[in-house]
Amino acid sequence: MDGMKKFFKEQAQILFPEVWELAREIGENPELGYQEFFAVDVLTRFLSRYGFDVLRPIAGLETAFLARFQGKKPGPRIAFLAEYDALPEVGHGCGHNLIGAASAGAGVVLSRSEELLGEVLVIGTPAEETSGAKVTLVKKGIFDRVDAAMMFHPGSQNVPEVSSLALDAIEFTFIGRSAHAVAAAQFGVNALEAMITFFNNVNALKKEIPDDTRINGIITEGGTTPNIVPDKAVARFYLRAPRRKGLDELQKKVIHCAKEAASSVSAKVTWRKFENSYDDMLTNRTLAGVFTKNLRELGIKRISSPQVAMGSVDMGNVSRVVPAIHPYLALGKGMNIPHTRDYTEAVLSPAGEKLLLLAIESLVGTGWDLLNDPKLLKHIKKEFYQETDLWG
Ligand SMILES: [Zn+2]
């Protein structure tokens, strides 16, 4: 470990009680997506206190923020992404309180160096669990002048290189005509019947599509009382595929199923996206390699090979416009199941505390390497341009 890394390790230790306090406070005050006012308050206060210029709100999102720290000399611009939204019922059962604290902590530790080149950003990204704000931040150009973006996520193993599934959230509404269900059923158009046919069509489609694609749907509205022919039925679907292109094709097929179902009973069908669409995560392998090297320097021996994550993350959209990583680091022994109360307790336990320190140190080390090695950044960008070209 070089001298600067030792300096950062010391700084991380000094700062750690304060950063853990952030994680604890946010963890104990869970807020749902786009309502994370408390989390944004404590994180931005912390960043301002250490000399970051804070802009909030950004991109028209009340609970998104951009914090910047300019080094003494010009250089690249790197971003640590802070998540801080919680889940209904279980609170911080995905450990986003640790993500927010780690990214803010990493930004401040890096800014302590007198020799800092370039610019360190901490970007607050709300609502990862629902309609991920990173999608909007990408669309509004927040990442246009960023050279690399990174964050960590608590997980069951240490995995620097992951992929995730592209996701579309689509709501289908079938419209029919109401009528007395017995006396005048022939005058009605049963929207629920169309919906049921739609689900059957989708089930048939599931047998034909590749194993790595996913269709999950629920009916959210299917009539009001049994003695009225339902004139409206609504369903919400999550469609997922390993790549955006495959997902676009899947979406067309599902819409076709809906249209056929509607015409079978002369109902009408409309559809809309009810949450932001996520692209698949394109991990920058060179950047993930730098993160791995830093983990090893910190004494971490168990590092897993690249993995396909079965979920979807809004970091996927970021990874399409800027070289990015979304590594997982093991929480405790990696036995806790995310999105449970048990997980919420674990992220606030000594295991969560230990993980937070490792996350800060590994992010800081990676950030420092990027800012100080122009060749490395060139490699990272070369890979990025090749890959984004390849996948379209
Ligand atoms: Zn999560």
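Tabulated data for the structure shown
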| read-out | value |
| --- | --- |
| Simple label model, 7 Å out from Cα along Cβ direction - residue 34 to residue 245, nm | 3.3 nm |
| All Cα pairs of the chain, percent lying beyond 35 Å | 31 percent |
| Selection from 203, 224, 238, by position along the positive dipole direction of the stretch 170-273 (Cβ) | 238 |
| Cα long-axis angle, helix 96-111 against the chain (0 to 90 degrees, to the nearest 10) | 30 degrees |
| Fraction of antiparallel bridges per DSSP, the chain only, in percent to nearest 5 | 70 percent |
| Cα shape, the stretch 1-120, gyration tensor, a/c 1.5 rule | oblate |
| Residue-count net charge about residue 251 - beta-carbon cut-off 12 Å; Lys, Arg +1, Asp, Glu -1 | +3 |
| Cα centroid of the stretch 287-307 to Cα centroid of the stretch 236-260, whole Å | 36 Å |
| Neighbour net charge for residue 207 - beta-carbon separation under 15 angstrom, K R +1, D E -1 | 0 |
| Extent along principal axes [Cα atoms of the stretch 170-273; Å; largest to smallest] | 50, 20, 18 |
| Positive dipole terminus of the stretch 79-163, leading residue within 105, 80, 153 (C-beta point charges) | 80 |
| For residue 71, net neighbour charge (Lys/Arg +1, Asp/Glu -1) across residues whose Cβ lies under 12 Å away | +2 |
| Given charges at beta-carbon only (K, R positive; D, E negative), |dipole| of the stretch 170-273 in Debye | 420 debye |
| On Cα atoms only, tilt of 244-264 relative to the major axis of the chain in degrees | 20 degrees |
| Fully extended contour minus Cα-Cα distance, from residue 304 to residue 263, at 0.36 nm per residue | 9.8 nm |
| Separation of the residue 382 and residue 354 label points, Cα + 7 Å toward Cβ, nm | 4.0 nm |
| Rounded to 10°, Cα long-axis angle of helix 285-297 versus longest principal axis of the chain | 50 degrees |
| Loop GluC sites (Glu not before Pro), the stretch 198-306, which have at most 14 other Cβ atoms in a 10 Å radius of their Cβ (DSSP) | 208 |
| Theoretical FRET efficiency, 1/(1+(r/R0)^6), r = Cβ-Cβ of residue 206 and residue 185, R0 30 Å, to 0.05 | 0.45 |
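Where a number appears in this text, it was derived from the coordinates with a stated rule and is not lab data. Everything numeric in this text was worked out from a predicted model, so none of it was measured. Reconstructed Cβ throughout: ideal geometry from the backbone, glycine too, with neighbour counts over all protein chains shown.
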